[in-house]
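S.K.: First the structure, then my questions, so here it is.
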Amino acid sequence: MLGEGILKGLAETARNFLGSYVGKDRLTTVQYPEERLPQIEAARNFPFLVYDGPDWQQGMRCVSCLICEKECPPKCISIEKSKDKKPDATGKPQFYPAVFNIDVSVCMSCQICVEVCPFEAIKMDVEFELSTDDRFGGLLWNKERLARSNEYYRQIHPTEAAAVDAHLAEDRAKLEAKSKAAAEAKSSATAMVSAQPASGVAAEK
Amino acid sequence: MSTATEAVRLIPKPTDSHECQLLEVSMGPQHPSTHGVFRMDVALDGERVVKLKPVFGYLHRNHEKIAETESYLGSMPYTDRLDYMCSLTSNWAYALAVEKLAGIQVPERAEYLRVITAELTRLQNHASLIGFLLQDMGASGTPLMYAFREREKILDLFEALTGARMMCNYMRFGGCRVDMPAGWLQQAQKVVDAFPRFLDEYEQLFTENEILMARTQGVGVLSGELAVNAGITGPMLRASGVNYDIRKVDKYGIYERFAFRVPLGDHGDVYDRYMLRMLEMRESVKILQQALRDIPPGPIMDPKTKIRGFRPKAGEAYGRTESPKGELGFYLISDGSSNPYRYRVRPPSLVNLTVLEGMCLGQNVADVMAILGSVDIVMGEVDR
Ligand code: SF4
Ligand code: SF4
C-alpha cells in the first residue's frame, strides 16, 4: 500500500515523542546551565601547571626544562627560564619559569605537553566555561592563571592523580635512599677505610 | 548568480538570445547542505543539471607542509582534524604508516583497542551520515537528532577513554596512549548491545519510506566501472557492486580474526549507498561483539618505542586503512631525521568527490543535494 512506509515512520516518531516523557533513554538532553551532566573523569581541555603546598610560586613543579615548549605541535607555549635557582616544595634548589605563557586560543588540547613533561608539572584541566570578550589578553594565560594546586588535580582526575602521586613518592623515596646510601657509603668509607674497605663498595650498590 | 569572472564561467556568453537559456547557479559555499564550505558551480537547463564544477579549497590549512616541519608525534593531533567525525580511524591510518616505516610491533591488547575504537567510529559516522543525508533531503531535524542521540553515547565512550569527544589523539606509534578506565568495557558492551535496536528503529523510519525511495532510487547512479576507474573507495564503491574492503584486502591490524561480511549494492544509486551503510553498521556491531568478548589483558604500548626523539630510519612507507569514508592512506618518506621528509595524505572524501559531476549530470537540481549527501564528505579532509 502506498504510504505504508510513511505511516510506519510516523509511528516511530510518535513512539519517540511519547517515550521521551517516560524514559530517560529517549530524552537525553538536559537544561544546561541549571542542570549539568557529571564530568567524565578523563576529560581534558586546556593545560594547567601543578604546584605542591600552599604557595603557588614556591611549589610549582615546573623546572623550566623547555621540553613542552619544543614538543607542542602548534607552538603555543612560551617559557623564559629563570637565571637563578629557588628552593622548590621539597627545599631543593631548582630553576623555575620566569615567564610561562600558554596562548589558549592556539592550544588544541592535544595533551602532548602532558605526555612529554618528565616532571609531572603540567596537566589537563576540565574547566570549559572560559568565554571572554578579550580576544588577545584574555586568552593568553600567564603562569599565575595556569597555576593549580595538586589538591585540585586530585579532585578533577582522581585515578590519574593517585598514580602520579604514587610514582612521584616512589621516585622521591628512591632518591632519598640513594642519597642516604651515598652518604652512608661516604661516612663508612672514611670511618672504615683502613679496617674493611669492601663494605663501602657494598653499601654503594 | 555566480560572481565568477569571465575566465571560469561555465556558460559561454550569450550570443544569440534563442540559443543560451542555461542558468548558472553557485551552490555554496555557505549552503546548509554542503557539509562545510564547499561550492558547486552548476549550469542548469531548467531543472536539469548540464554541468557541474566542484570548487574546494576553502578550508585548506597546509596540513601536509606543516607535518613536514613537525615531529612524527606532533602530526598525530593534526590527523584528528582531517576527518573530524572519525579522528580515531585517521589516527590509526597514520600510526600504521609510521609503524610500517619504523618496523614497530603493536601489542595484542592495543590492536583490540584499535579495532574497538575504529568500529565505534564507523557506527557513529554512518549513523550521523544518514541523518545528514535525510536532513539534506528536507527531513528537518528528526532523523539527524535520533542519530545524534546514539552518537552521543559513543562519544561519551570516547571521552571516557581518550579524554576528548572528537579530537581524540589516542593512538601512538606502537600502541595506544592510555588503557581503558574501570568499567569502560561494560559500558561499551551496553552501547553495542543496544545499537541494533536503534538500527531497527532507523530502518522502520526510512527503509520503506515512499518519499525516501522516490527521492533516492535511480538517482545519482555510479557504475562500478567508473567507480573503479576514478579510484573511488569505501561505501561508495561497494554500493556500486565492487567488492573491495581494505579490512578484507589488507587484513591490517587483526581484522582477519573477525567474522564479518562486506555488504554490496547493485544499482549504485543513492538508495544503495544509504542501505549499504545501514548494513555495514550491523556488520560493525558484529565485529565489536567479537572484539569486546576477546580482548586480552596485557600491555598497550610497545616498550621499545620512545615518545620523544623518535627517528625512524630512512625509507618510505604507505599505510592505509578502511576509514568509514573509504581508503585513508598516509604516505611517508623519512630521511632519518625527526620529522618526515614528505608527508602525503590520500583522503577518501576528496577522491570520492571527483565523480560528483558524473553522478549529477541529467539529474534535477534538488537531487544534487541528495547525491552530495550520499558521497559522505568532510571538508576538513577534502581541503586539508
Ligand atoms: S611543564 Fe614540564 S616539560 Fe614544560 S618546561 Fe615545565 S617541567 Fe619542562
Ligand atoms: S595541549 Fe597540545 S597544543 Fe595545548 S599546550 Fe599542550 S601540547 Fe600545546
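The values are calculated or read from the model by the stated rules, or taken from the named source; none is laboratory data. Being a predicted model, the structure only gives us computed values, none of them experimental. Positions of Cβ are generated from backbone atoms using ideal geometry, with glycine treated the same way; all protein chains shown enter the neighbour counts. In case anyone asks, the SASA skips ligands and DNA or RNA and just uses the protein heavy atoms, side chains included. Shrake-Rupley method; radii C 1.70, N 1.55, O 1.52, S 1.80 Å.
S.K.: Pairs to check: A:K75/B:K251; A:K174/B:K306; A:K83/A:K180; A:K85/A:K178; A:K70/A:K178. Give those whose C-alpha atoms are more than 26 Å from each other in this structure. Walk me through the numbers on the way to the answer.
M.R.: On the way: A:K75/B:K251 37 Å; A:K174/B:K306 23 Å; A:K83/A:K180 30 Å; A:K85/A:K178 23 Å; A:K70/A:K178 31 Å.
As for pairs spanning more than 26 Å Cα to Cα, those are A:K75/B:K251; A:K83/A:K180; A:K70/A:K178.
S.K.: Anyone know which of B:A147, B:A127, B:A182 comes out most mobile in the 10 Å Cα GNM of chain B?
M.R.: B:A182
S.K.: Here's something else I'd like to know. Could you please state, rounded to a whole Å, how far the C-alpha centre of the stretch B:267-290 is from the C-alpha centre of the stretch B:128-168?
M.R.: Rounded to whole Å, the Cα centres lie 16 Å apart.
S.K.: Count, for each residue of B:68-76, the Cβ atoms from other chains sitting within 10 Å of its Cβ, then give me the mean as a whole number.
M.R.: 3
S.K.: Which loop-located trypsin sites (Lys or Arg not before Pro) does the stretch B:60-157 contain, where loop means any DSSP state but H, G, I, E or B and the Cβ has at most 14 other Cβ atoms within 10 Å? Each step should come with its number before you reach the end.
M.R.: Working: sites: B:R61, B:K65, B:R81, B:K100, B:R109, B:R114, B:R122, B:R149, B:R151, B:K153; in loops: B:R61, B:R81.
When the trypsin sites (Lys or Arg not before Pro) of the stretch B:60-157 are filtered for loop state and at most 14 Cβ neighbours within 10 Å, B:R61 remain.
S.K.: How much solvent-accessible surface does A:V104 expose, in Å² to the nearest 10, with a 1.4 Å probe and all protein chains in place?
M.R.: 10 Å²
S.K.: Please report, to two decimal places, log10 I(q)/I(0) for chain B at q = 0.11 Å⁻¹ as given by the Debye formula with identical point scatterers on the Cα atoms and no solvent.
M.R.: One equal scatterer on each Cα of chain B leads to -0.78.
S.K.: May I pose another question? Determine the percent antiparallel among the DSSP beta bridges restricted to the protein assembly as shown, to the nearest 5.
M.R.: Roughly 95 percent of the beta bridges in the protein assembly as shown run antiparallel, per DSSP.
S.K.: I've got another one for you. Give the angle, between 0 and 90 degrees and rounded to the nearest 10, that separates the Cα long axis of helix A:158-191 from the longest principal axis of the Cα atoms of chain A.
M.R.: The answer is roughly 0 degrees.
S.K.: From the backbone phi of the stretch A:121-128, what are the Karplus-calculated ³J(HN,Hα) couplings (6.51 cos²θ - 1.76 cosθ + 1.60, θ = phi - 60°) in whole Hz, Gly and Pro given as x?
M.R.: 9, 10, 9, 9, 8, 10, 5, 10
S.K.: For the stretch A:47-156, count all C-alpha to C-alpha pairs, find those more than 20 Å apart, and express that count as a whole percent of the total. Show your work: numbers first, answer last.
M.R.: Numbers: 2195 of 5995 pairs.
Across the stretch A:47-156, Cα pairs with separations above 20 Å total 37 percent.
S.K.: Using a 1.4 angstrom probe on the protein heavy atoms only, line up B:F148, A:F136 by accessible area, largest first. Kindly include the intermediate steps, with their values, before the conclusion.
M.R.: On the way: B:F148 65, A:F136 150 Å².
So the residues, ranked largest to smallest area, are A:F136, B:F148.
S.K.: Something else about it: Show me the three semi-axes of the equivalent ellipsoid for the protein assembly as shown, from the C-alpha gyration tensor (sqrt of 5 times each eigenvalue), largest first, rounded to whole Å.
M.R.: In descending order, the three semi-axes are 52, 27, 25 Å.
S.K.: Which value, in Å², gives the accessible area per residue of chain B when a 1.4 Å probe is used on the protein heavy atoms?
M.R.: Dividing the accessible area of chain B by its residue count gives 38 Å².
S.K.: Hey, what angle do you get for helix A:4-22 against the long axis of chain A, alpha-carbon based, 0 to 90 degrees rounded to 10?
M.R.: The answer is roughly 60 degrees.
S.K.: When all protein chains stay in place, what accessible area (Å², nearest 10, 1.4 Å probe) is found for B:K53?
M.R.: Near enough 70 Å² of accessible area.
S.K.: Would you kindly find the accessible area of A:W141, with a 1.4 Å probe and non-protein molecules such as ligands, DNA and RNA excluded, rounding to the nearest 10 Å²?
M.R.: Using a 1.4 Å probe on the heavy atoms, I get roughly 20 Å².
S.K.: Within chain B, what's the longest run with no GluC sites (Glu not before Pro) in a DSSP loop and at most 11 other beta-carbon atoms within 10 Å? Give the range, please.
M.R.: Numbers: sites that count: B:E19, B:E47.
Between the exposed loop sites, the longest stretch runs B:48-384.
S.K.: Also, quick follow-up: Can you give me the Rg/Rh ratio for the stretch B:291-353, using Cα atoms for both radii and the Kirkwood formula for Rh?
M.R.: Ratio of gyration radius to Kirkwood radius for the stretch B:291-353: 1.10.
S.K.: Ignore the peptide's own chain and count Cβ atoms of other chains within 10 Å of each Cβ in A:4-13; give me the average, rounded.
M.R.: Per-residue shielding by partner chains comes out at 6.
S.K.: Another question, if that's okay. Could you run the Karplus curve 6.51 cos²θ - 1.76 cosθ + 1.60 with θ = phi - 60° over the stretch A:74-89 and give me ³J(HN,Hα) per residue in whole Hz, x for Gly and Pro?
M.R.: Working through the residues one at a time gives x, 6, 9, 9, 10, 10, 10, 6, 6, 7, 9, 10, 10, x, 8, 4 Hz.
S.K.: Next question, about the same structure. Taking amide H positions as placed in the peptide plane 1.01 Å from N, state which residues far from B:L44 in sequence (5 or more) or on other chains have amide H under 5 Å from it.
M.R.: Counting only residues 5 or more places away or on other chains, the set is B:L23, B:E24, B:V25, B:V50.
S.K.: Can you pull out the GluC sites (Glu not before Pro) in the stretch A:1-88 whose DSSP state is coil and whose Cβ has at most 16 other Cβ atoms within 10 Å?
M.R.: Within the stretch A:1-88, the qualifying GluC sites (Glu not before Pro) (loop, at most 16 other Cβ atoms within 10 Å) are A:E34, A:E35, A:E41.
S.K.: Which residues of the stretch B:160-182 bury at least 50 Å² of accessible area once all protein chains are present, versus their chain alone (1.4 Å probe)?
M.R.: B:G163, B:R177
S.K.: Just to confirm my numbers, what's the Cα centroid distance between the stretch A:40-87 and the stretch B:56-119 in Å?
M.R.: 27 Å
S.K.: Project the alpha carbons of chain A onto their principal axes and report the range along each, largest first, in whole Å.
M.R.: 107, 41, 30
S.K.: Hey, another quick one. Would you mind counting up the charge near B:K306? Only other residues with Cβ under 12 Å from its Cβ, with Lys and Arg at +1 and Asp and Glu at -1. It would help to have the intermediate numbers written out before the result.
M.R.: Values: positive: B:R172, B:K304, B:R308, B:R311; negative: A:E115, B:D302.
After counting each charged neighbour, the total is +2.
S.K.: Can you list residues whose amide H is under 5 Å from B:R346's amide H, if they're 5+ apart or on another chain and H is modeled 1.01 Å from N?
M.R.: Result for B:R346 returns B:G329, B:F330, B:Y331.
S.K.: If amide hydrogens are placed 1.01 Å from N in the peptide plane, which non-local residues have theirs closer than 5 Å to the one on B:G234?
M.R.: Amide H neighbours of B:G234: B:E327.
S.K.: Tell me: how much accessible area in total is hidden between B and A, 1.4 Å probe, Å², nearest 100?
M.R.: Accessible area lost upon association: around 2700 Å².
S.K.: For the protein assembly as shown, give the percent of accessible area contributed by carbon and sulfur heavy atoms, probe 1.4 Å, rounded to a whole number.
M.R.: Carbon and sulfur: 57 percent of the exposed surface of the protein assembly as shown.
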